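Bear in mind these aren't lab numbers, they're just calculated from the coordinates by the rules spelled out. This one's a predicted model, so the numbers in the text were calculated from it and none came from an experiment. Glycine also receives a Cβ, built like all others from the backbone with ideal geometry; neighbour counts cover every protein chain displayed.
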Amino acid sequence: MGKVKKLVAAAMVSVMSLSVVGCNMIEQTAESKAKTVLAKVGDTNITLGDVDSELKADIDNLKQTYGQDYESSIPESLKEQLKTVRTQVLNQLVNEQIMSQKAKALNLIPSDEELESKISEKTEELKGVYGGEESFKSALEYYGYTDETFKEFMKTQVISEIVTEYMTKDVTISDEEVEEYYNTNIANYTTKPSATANHILFKSDNEDKDAADAEALAQANEAKAKIDAGEVSFDELFEQYSGNKAAGVYPISESLGTVAYDQANYDTDFLAGLAALGEGEISAPVKSSFGYHIIKATNVVKESTVKSFVEVKDSIKEKLLNEKKKEVYNTTLEEWKKELKVKTYENKLS
């Protein structure tokens, strides 16, 4: 939904002036279009008006920028964006309607008191996310919610969660499955010999390759000599050159993060220079295919380490459980779509 708003803000197009007669015609057309059925879930229809009510803030922005008849005025790229967002909302509303109907059929709808309690709890959580009561109220107003419509929205979310729990209540993961995953994916729990690499790269733009290498090496040697003499620290030089890459000038400084000594797609000479360093050590100029580097290594790991099964067992189990629940959820949802004879008409969004 945010994409539509941002695109509207960037468009900078004036609102079209409309006559009174023109407005009436547009309102009639818009009212008729809002009744367009985009999906059927059992005996319930989901209309374009239902979808656009979920996108009120974005639709309002479109109208403000392009006029009431915005769909005939917006550029093709924005039409595609709007169609994509509408499709996403339509699918969401279809799923929510399925959940609602199945909740009734399976007698899963909680009492009014339980619903009120859960809605209140989730509302307080949202207030915290938005940074307090006032910001929360502003957000509700921006997205077009009244107290009543927001409460209905929250009721839908609570019921959907209850039905989801029902769908996945029998999902379990055995210790054997967890161990098999660990053994199959042991590389994910192995820390290779590596180090965090910060480097300063010296390179000359001299067209003569030999002369360029000599100039870059001289600059790198001079910088290393100053570091060794205590005239300047590596970190100070690193900071001094931090903006050079964006400016397209050398020397440049970069933080490469954790680099394994056998890292793919890295210059092998650079890796060899990094691997030779101990914790906090700074290299002499290292020649690579890019130029000459002065490298500083931190967080040095010289030996491969493997996390034990006991260390990662719980996190693996949670991961596999969530994946299996998602699979069961999707499978059950598809079964319920067939049962409720769900039909969608996304072509009517064009």
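The table for this structure:
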{"quantity": "Neighbourhood charge, 9 Å Cβ-Cβ cut-off, centred on MET154 and excluding it, Lys, Arg +1 and Asp, Glu -1", "calculated": "+3"}
{"quantity": "DSSP-loop GluC sites (Glu not before Pro) across segment 161-241, with at most 16 other Cβ within 10 angstrom", "calculated": "GLU207, GLU231"}
{"quantity": "Segment 205-269-segment 39-63 distance, computed between alpha-carbon centres (Å)", "calculated": "56"}
{"quantity": "Chymotrypsin sites (Phe, Trp or Tyr not before Pro) within segment 273-325: DSSP coil, no more than 15 neighbouring Cβ in 10 Å", "calculated": "PHE290"}
{"quantity": "Folded to 0 to 90 degrees: helix 76-105 orientation relative to the chain principal axis, Cα", "calculated": "60"}
{"quantity": "Segment 176-218 - Kirkwood radius from inverse mean 1/r over Cα pairs (Å)", "calculated": "14.6"}
{"quantity": "For P(r) over Cα pairs in 10 Å bins from 0, in percent, calculated from these coordinates, the label among [x] 6, 26, 34, 24, 9, 2, 0; [y] 5, 15, 17, 15, 17, 18, 11, 3, 0; [z] 6, 27, 38, 25, 5, 0", "calculated": "[y]"}
{"quantity": "Residue with peak Gaussian network fluctuation, the chain [Cα springs, cutoff 10 Å], from THR47, THR258, THR36", "calculated": "THR258"}
{"quantity": "Sequence ranges 86-92, 109-115, ranked by mean other-Cβ count within 10 angstrom, highest first", "calculated": "86-92, 109-115"}
{"quantity": "log10 of Debye I(q)/I(0), alpha-carbon scatterers only, for segment 215-350 at 0.10, 0.12, 0.14, 0.20 Å⁻¹", "calculated": "-0.59, -0.67, -0.77, -1.25"}
{"quantity": "Estimated vicinal HN-Hα couplings, Hz - segment 219-227 in sequence order (Karplus 6.51, -1.76, 1.60; Gly, Pro = x)", "calculated": "5, 5, 5, 5, 5, 5, 5, 5, 5"}
